[in-house]
Amino acid sequence: MRNLKQFMLFVMVGSLLSLTSCSSDDDGGAPGSAPSGSLTAKVDGANFQSMEISSSATVANSGQNLIIIASNSDGNAFSITIFGYEGVGTYPIGGGANIANVGSYSETDVDLNNPQNSTTEIWQAPYNDSMVGEVNISDETDSKVIGTFNFTCKNVGGDQSIKTITDGSFDLNKQVVN
């Protein structure tokens, strides 16, 4: 009987130590540094900051999807969609057939003399079956979605160039659509 009590004490202490020493990947991490209402990032090292008027986070499909749209005055924009959205947590971009989260970065070159000659290039992620980045939601309230992101994307419909998106951060106004 004494051996059973000692064994149970050992199991309880071991379980307690293992549970308290683990960290969660689902906490969404620390919030980024984006100003309220905007999205910021580095695109191949160049700074990007969206305008508040053209940036939003939409929770749709009865809360199952998160759609982030953000653009700046230069005609550049980000779009990030998370399917199976569950609030605060970490969401991979890419990584096989079971992960459908996507991100894109686009650049529009407007020809003011002839707007019909304007061009848009889009870099997509994922562009193969590997994990190319992640989105971390650190906070969600009734009016805001806050988090960070990074990914690598490819111009699959154009010159096949790769862009690296780093230091992505957002503090966006939230809307809910069912």
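Descriptive notes on the structure:
- Elements of the type strands (runs of 3 or more DSSP E) sitting completely within region 111-176 and holding at least 2 residues that are over 17 Å from the mean Cα position of the chain (by Cα): these cover 119-125, 162-176.
- Considering Tyr105, Tyr91, the condition of being surrounded by 15 or more Cβ atoms within 10 Å (Cβ to Cβ), of a type outside the set (A, V, I, L, M) and farther than 17 Å from Thr40 by Cβ is satisfied by Tyr91 alone.
- Test: residue in region 83-106 that is of a type in the set (Val, Ile, Thr), touching a Ser or Thr at 6+ places or on another chain (Cβ under 7 Å) and not in a loop (DSSP other than H, G, I, E, B): yes
- Candidates in region 23-45 are the residues that are over 15 Å from the mean Cα position of the chain (by Cα) and of a type in the set (Ser, Thr, Tyr); of these, the one that is modelled with the highest pLDDT is Ser36.
- Filtering region 51-66 to residues that are assigned to a strand (DSSP E or B) and either buried (at least 18 other Cβ atoms within 10 Å of the Cβ) or in contact (Cβ under 8 Å) with a residue 24 or more places away in the chain (or both) leaves Ser55, Ser56, Ala57, Thr58, Val59, Ala60, Leu66.
- The number of residues in region 155-168 being farther than 18 Å from Val135 by Cβ and crowded, with 18+ Cβ neighbours inside 10 Å comes to 1.
- Residues of region 88-128 satisfying the condition of being out of contact with any strand residue (DSSP E or B) (no Cβ under 7 Å at 6 or more places or on another chain) and either farther than 21 Å from Thr164 by Cα or among the charged types (D, E, K, R) (or both): Ala97, Asn98, Val110, Asp111, Leu112, Asn113, Asn114, Pro115, Gln116, Asn117
- Exactly one residue out of Ile69, Ile82 is modelled with pLDDT of 95 or more and surrounded by fewer than 18 Cβ atoms within 10 Å (Cβ to Cβ): that is Ile69.
The values are calculated or read from the model by the stated rules, or taken from the named source; none is laboratory data. All values derive from a computational prediction rather than experimental measurement. We place every Cβ from the backbone using ideal geometry, glycine too, and count neighbours over all the protein chains shown.
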